[in-house]
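The structure appears right after this line, and notes come after that.
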């Protein structure tokens, strides 16, 4: 049974259930992904660097974000500050030869107070992703910070070409850089019945968005959904570490969308 969390997300105590899973994959020898699913902080970090350096960077990011779980209410600025602190700690740790140049992506979801009410706050740096499933529809909230995404946005390649592009793993933002990277934030009100998938690119590079959505439809329990997504990535080759966190807002209400519930995109400058 997946852990239960509680928040005043819809004007009353809302039950939030979460499932999380990670796997080294079928090719890599070391799992350089890290995750946090504690309190109301949910995130995935995908480390990079030689030897075990990627594991060090992703763990620093996850532990720094986990510190937010004991603080409520949070503000959007608190999330940005935690990401900046993660970057500072990674740079400080990257002084030994074996950790030089290490970095990590990060994507996640937490609850912030704005306008006197609790809202979701989605954040990302790099190409780890957050998906939202609501009203039998799924959308990618985060925007990949990658060379291929920039080529797509410029209309220079097609989505089919992007899947095979030799630069598809080259990211344009990561923690572990000086100056610190600018995170993307999306702040929006909750909606009963919604679900989120937070994942490293070990999932999104192996499993289509449609198949991710099918797993959410098939498995009501978030832990079962997370396990199924890991298995799907392994069946498709498992060429990278894969990490998944599934967050579900429990409600007996109709989960069909009413009106405009689209996330608002806030770009935060350093």
(message) Just to be sure I understand, how many residues within region 48-57 are crowded, with 24+ Cβ neighbours inside 10 Å and either over 14 Å from residue 98 (Cα atoms) or touching a residue at least 60 places away in the same chain (Cβ under 8 Å) (or both)?
(response) 1
(message) Looking at (1) without any contact (Cβ under 8 Å) to a residue 60 or more places away in the chain; (2) more than 16 Å from the chain's Cα centre (by Cα); (3) crowded, with 18+ Cβ neighbours inside 10 Å, which one does residue 25 not meet, given that it meets all the others?
(response) (1)
(request) Of the conditions (1) at negative phi; (2) buried (at least 17 other Cβ atoms within 10 Å of the Cβ); (3) assigned to a loop (DSSP other than H, G, I, E, B), residue 156 clears all except one; give me its number. (result) (2)
(request) Of all residues in region 111-142, count the ones that are assigned to a loop (DSSP other than H, G, I, E, B), exposed (fewer than 15 other Cβ atoms within 10 Å of the Cβ) and in contact (Cβ under 8 Å) with a residue 60 or more places away in the chain. (result) 2
(message) Anything in region 143-162 that is in contact with a helix residue (DSSP H, G or I) (Cβ under 9 Å, 6 or more places away or on another chain) and free of Cβ contacts under 8 Å to residues at least 12 places away in the same chain? List them, or say none.
(response) 152, 156, 157, 158, 159, 161
(request) Give region 73-106 a look and list any residue that's touching a strand residue (DSSP E or B) at 6+ places or on another chain (Cβ under 9 Å), buried (at least 16 other Cβ atoms within 10 Å of the Cβ) and either assigned to a strand (DSSP E or B) or at pLDDT below 95 (or both), or say none. (result) 94, 103, 104, 105, 106
(request) Give region 37-59 a look and list any residue that's out of contact with any strand residue (DSSP E or B) (no Cβ under 8 Å at 6 or more places or on another chain) and over 19 Å from residue 111 (Cβ atoms), or say none. (result) 50, 51, 52
(request) Specify the residue that is nearest to the chain's Cα centre (by Cα); the eligible residues are those in region 60-72 that are in contact (Cβ under 8 Å) with a residue 24 or more places away in the chain, farther than 14 Å from residue 87 by Cβ and part of a helix (DSSP H, G or I). (result) 66
(message) Suppose we filter 207, 187 for residues that are under 16 Å from the mean Cα position of the chain (by Cα) and closer than 28 Å to residue 78 by Cβ; which single one remains?
(response) 187
(request) Scan 182, 187 and give me the residue that is more than 22 Å from residue 47 (Cβ to Cβ) and touching a residue at least 24 places away in the same chain (Cβ under 8 Å). (result) 187
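The values are calculated or read from the model by the stated rules, or taken from the named source; none is laboratory data. Please read these numbers as outputs of a predicted model, since none were measured by experiment. In this analysis, Cβ positions are derived from the backbone assuming ideal geometry, glycine residues included, and neighbour counts consider all displayed protein chains.
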